[in-house]
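The values are calculated or read from the model by the stated rules, or taken from the named source; none is laboratory data. A quick note: this is a predicted structure, and the numbers were derived from the prediction, not measured. Note that each Cβ is placed from the backbone with ideal geometry, even for glycine, and that neighbours are counted across all protein chains shown. Keep in mind that these areas ignore ligands, DNA and RNA; they rest on the heavy atoms of the full protein, side chains included. Shrake-Rupley method; radii C 1.70, N 1.55, O 1.52, S 1.80 Å.
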Amino acid sequence: MVTLTIDGESVSIAEGTSIMDAAEQAHIHIPRLCYLEGLDAYGGCRLCAVEIEGEPRLAASCMRQVSPGMKVLTHSPRVRKARRMIVELLLANHPTECFTCERNQICELLKLAFELGVTEVRFNSLKPVYELDETSSAIIRDSNKCILCGRCVRVCHDVQTVSVIGFINRGPDTIVSTLMENGLGNVECTNCGQCIQVCPVGAIKERSAVDEVWAALDDPTKHVVVQEAPAIRAALGEELGLSPGTLVAGRMHAALRKLGFDAVFDTNFSADLTIMEEASELVKRVTEGGVLPQITSCSPGWIKFVEHFYPDLLPNVSSCKSPQQMFGPLAKTYYAEKGSIDPAKIVSVSIMPCTAKKFEALRPEMTDSGFQDVDYVLTTRELSRMIKEAGINFASLPDEPASELMGLYSGAGTIFGATGGVMEAALRTAYKLVTNKELENLDILPVRGLNGIKTATVDVDGLEVKVAVAHGLGNARKLLDEVRAGKSPYHFIEIMACPGGCVGGGGQPISFDLALRGTRGQTLYNEDKALPYRRSHDNPSIKKIYQDYLEKPLGEKSHHLLHTKYTARGMK
Amino acid sequence: MEKILTKNIDKPKASDIEVYLAGGGYQALPKALSLKPEGVISEVKKSKLVGRGGAAFPVGLKWDFTRKESTQPRFIVCNADEGEPGTFKDRVILKNDPHLLIEAIIIAGYAIGADKGFIYIRGEYYDEIEAVNNAIQQAKQKGYLGSNILSSDFSFDIQVYRGVGAYICGEETSLIQSMEGNRPCPDDRPPFPTQSGFMDKPTALNNVETLANIPSIINRGGDWYSGIGSPDSPGTKLFCLSGQVNKPGLYELPLGITLGELIENYGSGVNGKLKAVLPGGVSSRLLTDPEVKLDYKDVARAGSMLGSASVIVINQDTSIVDVARNTVEFFTHESCGKCSICREGTRQAREILTRMANGNGSAGEIDLLLELGEVMYDTACCGLGQAAMNVPTSAITLFRNEFEQKVR
Amino acid sequence: MSAAPWKAKVDDIITQQGRVKEVLLPCLGAIQEVSGYIPQPAISYLQECLDVPSVDIYGVITFYGMLTTKQQGKYVIRLCNSLPCHLNKSENILRVVERKLGIKAGETSPDGKFTLETVACLGLCDKAPAMMINDKSYGNLTEATTQEILAELNG
């Protein structure tokens, strides 16, 4: 323990703690831009400067550890003057497009400028000089707005280990960019969008499809169907005035109907379908000596990652399409037939917590319906903007169910949105497939929670099934390196690209707080517990689709509509 | 006066090991090896030698800190990334007396308990890199480098790292990042390189000129060395005299000589009339008093910094606003871009001073520059950002009317 | 495809010093020297050998003044514009070079012969104004001597 004084208050705290963290104990939140919990300290913005008695200069409190007897002033005149000037300098080199900026209500720079009392910018404003990076189908970068805090670089390198963006050039010419400035669409970017989640300003955002979706809704000749991923219902409320963790499934369905969607279904249904196919595939691989471990395939960020970085492991990846892309072709075939709707007139929209889903929908192989299977992907954030634009009072909406045909779902489908959820859902059904008995205790706790890698051994009637779960691509790498080395003991591995799973996706309300992601996940586990069906194979709509249309898991029709192939992309 | 650092440089084939040996070279090494490493450090401490690269940190203390770290291996790195405008001293040793440096690095390695040393030389020093590499080969052949040096238990090797064009790499943490293959952006200290340096191991970084003193200190004792020059800052110093002076050049002189003596007696006077002097390159503050004694304490007392002793003379015909603009242009170009304050601050200062130099400044901008200088000193991570506004702010203090004529 | 000349150099360095990130700078320096610039295949090769993300290698290259991913002229002229040279009228020398070669600082002549850069201090302050052309230094430049030096290279 180290005892020091912060603003005259004595603080005792563990050795190795930064002054910034120690200050919280003295009830002081030191301003910061480049520091973000969950990422290594960087020391670039210098806003967290504090005065330390006896030192000639101020110190960056995120970088400096406490030492015994240290006397720290966190908001002395010198400190306040420095912080204001730093913000002034950043503002002088920041476009004043705040009215139209994506981050209008939540920009950290804007907030700090106000809070730190910056009332004028005495430096001349610099003109925007950089072109937007619009090479990616999922993510758009604007170097003009970038304040070079480096959070995106750190999340891309240290958390996701994708490492496609970095600082280039030096001094005032420094920008965050890609190899040879080729753009995100031309490098190994997985489109996970975690860079968006950590950006303090509006320098990174999703490629919006809001206008296209409005146009479809406004077009009377179009039949617009919508699906919503499991994780949306646990986070959408945050954007619309509800407290974190509020389950908004019913209000979400109601809001979508109010927006004018012709059919409101639910991705949770196709998550159940994914389980039917994927659990069957697992059983087949295990019993027939297929390639093991089988690895899940529902996270498109993860899929692009494996295609670039571990193409040799593609045979391990389940051939199942993701729930979004299972729903896609079914909407334009099964639903079109059932509803006697011309599939050419169907516009299929998905609401996803994810930016990588935008890329996934555009994969050339995702056209098994004879059309582009999913036409537009909206993030949680984009949907919330549409709801606001339409003036819908979301909080007071009544709960409505999704349409039953492709909207009824089990608890297994809903927990897809949390890390470990696919694994748990798959085991519930695989148990039945192998043993023809129902798993008694449906809560498989060892695969839940926020540990980076979780493992469990499940007794399937005498057969010991070893499973592992990783969320965040850096964690995934650890399991994959084992597989590559032939040392993986597992039968089945779940990988989600984003920390926390889909509830922490790049399209969710802006936050990099893992605890918040845990809260969202818990919301899904709570819904699971409360639902009448908790196993995918119990879902009546699932039984019906196999009866009426697909026949059986891994059958011919399933194979055609619900399974896919991958592309070994390699490295640039 | 007896020369310590430049005694060999004018000899024919000075860089050859035979010439170095004939002049008494490689005699300090066996003497050092006959002492305990702690004994070597204590001799260096007695000498009161401080770093000649700019920061003037006591060398014995730095070695002591490094040695006392329990982590192994440890490294000695010679900083030969000379780049401060006005500085051209290390290149002379590198090119004309590389064995002096090599002998020093071996001794330093022995003292701190390192088995590997590096010399980081700026990339533009083509001839110097060649001279040093040749000298390393010669030293290896003679058994001064390699395993069991001079039949002792001590084994040591030296490798040259070639810089590729970045002033910031002269900053010690940045130099380490550069060697590690990272973007060479400085780190906050603590931890210091002596605790966690190259590859996170304890690393002593010393400037070329600093190290070049070591063989003499070992040969003749720390007490002998501390008796030279001024008692506060003993030893000789390589003064780099440049700018508007009649005889620019490199002069080895005892610390404590006055500015006027240096310019008149060695530089043959100012080319024109003296206006101001930068005693430690463009990172230092302007001085106008020729009576200032050039040692670390006196220059500091006069409000500037001796630094690398790169004395740049400015005459009365020169616009001080233009001088300020030029130096800030340099720092803008060389800022690494990591700290917002330095990246944006140098850029804005350059913009303001460029306008001022053209007579288009605004009145409030003079004080804005002073405030910017204050905040940059206070908050920038490294010496570059902290010192980048020294010339403009000292110019405003000394010659405010010149700035006022340039603003509306 | 015959192996690029830089590859042998890189392999040499890696053989001697190992496949570690600490050899990145030596490798980049060697490639620049052999090829006159750092081609993208070299970045990919280093990424593979050293397991350093290619954007990080690119980030390192673009940081340094002496590394470039664009082909440079046969003669790279580095003219110092730091204070000692500036005080000795280096901008007059710059004007002479620009006029003579028909290019501005930062440009390469269309015939690929010259690249002109203004650079920070070269450590030739006692010979200000000064410049380097490739690995050779030239000091105490006057407009006349500059003309002569360029004429010789053009000859």
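For chain C, modelled as a GNM with alpha-carbon contacts under 10 angstrom, which of C:Gln71, C:Gln32, C:Gln16 fluctuates the most?
C:Gln16
Give me a single rounded figure for B:82-90: the average over its residues of other chain Cβ atoms within 10 Å of their Cβ.
Per residue, the average neighbour count from other chains is 6.
If the cut-off is 17 Å between C-alpha atoms, which lysines fall inside it for C:Lys74, apart from same-chain ones fewer than 8 positions away?
Cross-link targets: C:Lys100, C:Lys104, C:Lys113, C:Lys136.
With axes computed from alpha carbons, what is the tilt in degrees of helix A:77-92 against the longest principal axis of chain A, rounded to the nearest 10 within 0 to 90?
Between helix and principal axis, roughly 50 degrees.
So who's got an amide H within less than 5 Å of the one on B:Gln159, skipping anything under 5 residues away but keeping other chains? H placed 1.01 Å off N, in plane.
Under 5 Å from the amide H of B:Gln159 lie the amide H atoms of B:Gly117, B:Phe118, B:Ile119, each far enough along the sequence or on another chain.
With Cβ to Cβ distances under 14 Å as the rule, what net charge do the other residues near A:Leu516 carry (K, R +1; D, E -1)?
Summing Lys/Arg as +1 and Asp/Glu as -1 gives -2.
Which whole-Hz couplings ³J(HN,Hα) result when phi for each residue of the range C:148-155 is put into the Karplus expression 6.51 cos²θ - 1.76 cosθ + 1.60, θ = phi - 60°, listed in order with x for Gly and Pro?
4, 4, 5, 4, 4, 5, 6, x
Go through A:Glu55, C:Glu143 and list them by solvent-accessible area, largest first, probe radius 1.4 Å.
C:Glu143, A:Glu55
Looking at chain B as a GNM with Cα springs under 10 Å, which of B:Arg122, B:Arg74, B:Arg347 has the largest mean-square fluctuation?
B:Arg347
Once amide H atoms are built 1.01 Å from N in the peptide plane, which residues 5 or more positions from B:Thr258, or in another chain, come under 5 Å H to H?
B:Leu294
Compute the angle between helix B:320-334 and the longest alpha-carbon principal axis of chain B, please, reported from 0 to 90 degrees and rounded to the nearest 10.
50 degrees
Which of B:Ala380, B:Ala302, B:Ala395 moves the most in a Gaussian network model of chain B with Cα springs under 10 Å?
B:Ala302
Please give me the summed charge of the neighbours of A:Lys145: other residues whose Cβ is under 10 Å from its Cβ, Lys and Arg +1, Asp and Glu -1.
My count for the surroundings of A:Lys145 gives 0.
How many percent of Cα pairs in chain B exceed 30 Å?
The proportion of pairs with Cα distances above 30 Å equals 41 percent.
How big is the accessible area of B:Lys406 in square angstrom, nearest 10, if you roll a 1.4 angstrom probe over the protein chains?
60 Å²
Near A:Lys222, which lysines are there with a Cα under 18 Å away, not counting those fewer than 8 places off in the same chain?
Qualifying lysines at Cα under 18 Å: A:Lys258, A:Lys332, A:Lys338, A:Lys345.
How far is the Cα center of the range B:268-317 from the Cα center of the range A:292-311, in Å?
64 Å
Angle between the Cα long axis of helix B:59-68 and the longest principal axis of chain B, 0 to 90 degrees, nearest 10?
For B:59-68 against chain B, the angle is about 60 degrees.
In square angstrom, rounded to the nearest 10, how much accessible surface does C:Ile133 have for a 1.4 Å probe?
Approximately 10 Å² of C:Ile133 is accessible to the 1.4 Å probe.
Taking square-rooted eigenvalues a ≥ b ≥ c of the alpha carbon gyration tensor, is the range A:139-207 rounded, prolate or oblate, where a/c under 1.5 means rounded and, failing that, a/b exceeding b/c means prolate?
rounded
Averaged across the residues of B:368-378, what count of C-beta atoms belonging to other chains lies within 10 Å of each residue's C-beta?
Taking the mean over all residues of the peptide, I get 5.
Find out how many positive minus negative residues lie around B:Glu82, taking Lys and Arg as positive, Asp and Glu as negative, among other residues whose Cβ is under 12 Å from that of B:Glu82.
Neighbourhood net charge equals -1.
Taking beta carbons within 10 Å but only from partner chains, what does the mean come to for residues B:240-247?
4
In what order, largest first, do A:Met1, C:Met66 sit by accessible area if the probe radius is 1.4 Å?
These residues rank, largest area first, as A:Met1, C:Met66.
May I ask for the distance between the Cα centers of the range A:105-149 and the range A:320-377, given as a whole number of Å?
Measuring centre to centre over Cα atoms gives 36 Å.
What shape does chain A take by its C-alpha gyration tensor, where a ≥ b ≥ c are the square roots of the eigenvalues and a/c under 1.5 counts as rounded, a/b above b/c as prolate, and the rest as oblate?
Verdict is prolate for chain A.
Given a 1.4 Å probe and heavy atoms of the protein chains only, how would you sort A:Glu120, B:Glu261, largest accessible area at the top?
Sorted descending by solvent-accessible area, the residues read A:Glu120, B:Glu261.
Can you list the HN-Hα couplings for the range A:296-301, worked out from phi with the Karplus curve (6.51, -1.76, 1.60; θ = phi - 60°), rounded to whole Hz and with x for Gly and Pro?
The phi angles translate into 4, 9, 8, 9, x, x Hz.
Calculate for the protein assembly as shown the 222 nm mean residue ellipticity that helices alone would give, adding -39,500 (n - 2.57) per DSSP H run of length 4 or more and normalising by residue count, nearest 500 deg cm²/dmol.
After summing the helix terms and dividing by residue count, I get -11000 deg cm²/dmol.
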